[in-house]
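The values are calculated or read from the model by the stated rules, or taken from the named source; none is laboratory data. Bear in mind the structure is a predicted one, so any value in this text is a computation, not a measurement. For neighbour counting, all protein chains shown are included, and Cβ atoms are generated from backbone atoms with ideal geometry for every residue, glycine included.
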Amino acid sequence: MSESRLGILLSGRGSNFLAIAESFHQGRIANAKIAVVISNRRHAPGIEAARDAGFPTEIIEPRGRSRTEHDAEIIAVLRANQVDLVCLAGYMRLLSAEFVRAFPQRILNIHPSLLPAFPGLDAQRQALEYGVTVAGCTVHLVDEELDHGAIILQKTVPVFPQDDERALSARILEQEHIAYTQAIIRVLSGKYHIAGRRFVPRSDGD
Ligand code: GRF
């Protein structure tokens, strides 16, 4: 099987990217490499960390262009780098339908809630304000709706009465860093199919 090539998109801190990079470094993700890391923000700490770590990086700012035009440039860079799996890691922009269609079922996202609860911004705050006692994160395939595609895996964490947004976010983030690598390994294995909304792993006997 030929080596898979990942493209990482980020906008900020980049801790999920760094966790994925560490998994590569430890040899936990086989037969694949990070081909390019792309940021829509020039000074995102995550893109600076990627550059410092020696990964190929690109900064592609919207510069007043339409979403479709901006995304077209990103798609071109992903294609030029022969990317076959796109991982959104704190990428704070909606993808155009053209982008989603350019990589059908090959774009992953991580969201800091147990979807379908609390999509969108400030998911951890939404969860606290709602009063849930269990929270978590979701890695899912990206479709044309926000935080919506088939769920690859979820991790749960408890919510304690004394939690504030910062404490809960940190507890969830720890699980995000574990979940993203696991999800990438599952997808790269190719041992699954999608049935409706369900990501169904295949057992080895199948
Ligand atoms: C994470 O909480 C992720 O779930 C959300 O954005 C945040 C990104 O954090 N989509 P980082 O940039 O990976 O540290």
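Assorted remarks:
- Qualifying residue in region 78-98 (condition: more than 14 Å from the chain's Cα centre (by Cα), of a type in the set (S, T, N, Q), within 16 Å of the ligand (Cβ to nearest atom) and not assigned by TED's automatic domain parsing to the domain that holds GLN126): no
- Which numbered condition SER11 fails, given (1) in contact (Cβ under 8 Å) with a residue 60 or more places away in the chain; (2) of a type outside the set (Lys, Arg); (3) under 24 Å from ILE172 (Cα atoms); (4) touching an Asp or Glu at 6+ places or on another chain (Cβ under 7 Å): (4)
- Whichever residue in region 136-163 is over 21 Å from ILE184 (Cβ atoms) and away from the ligand (no atom under 12 Å from the Cβ) and, among such residues, is surrounded by the most Cβ atoms within 10 Å (Cβ to Cβ): VAL159
Residue-by-condition table, conditions (1) in a loop (DSSP other than H, G, I, E, B); (2) surrounded by 15 or more Cβ atoms within 10 Å (Cβ to Cβ); (3) within 14 Å of the ligand (Cβ to nearest atom):
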| residue | (1), (2), (3) |
| --- | --- |
| ALA19 | no, yes, yes |
| GLY27 | yes, no, no |
| ALA35 | no, yes, no |
| ARG41 | yes, yes, yes |
| ILE47 | no, yes, yes |
| ALA50 | no, yes, yes |
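- Residue check, ILE29 at pLDDT 95 or above and in contact with a strand residue (DSSP E or B) (Cβ under 8 Å, 6 or more places away or on another chain): no
- Check on ARG67, outside the structural domain of LEU168 (by TED's automatic domain parsing), more than 14 Å from the chain's Cα centre (by Cα), at positive phi and not acidic (Asp, Glu): no
- Criterion (hydrophobic (A, V, I, L, M, F, W, C), touching a helix residue (DSSP H, G or I) at 6+ places or on another chain (Cβ under 6 Å) and farther than 17 Å from HIS177 by Cα) met by exactly one of ILE47, ILE8, ILE29, ILE75: ILE75
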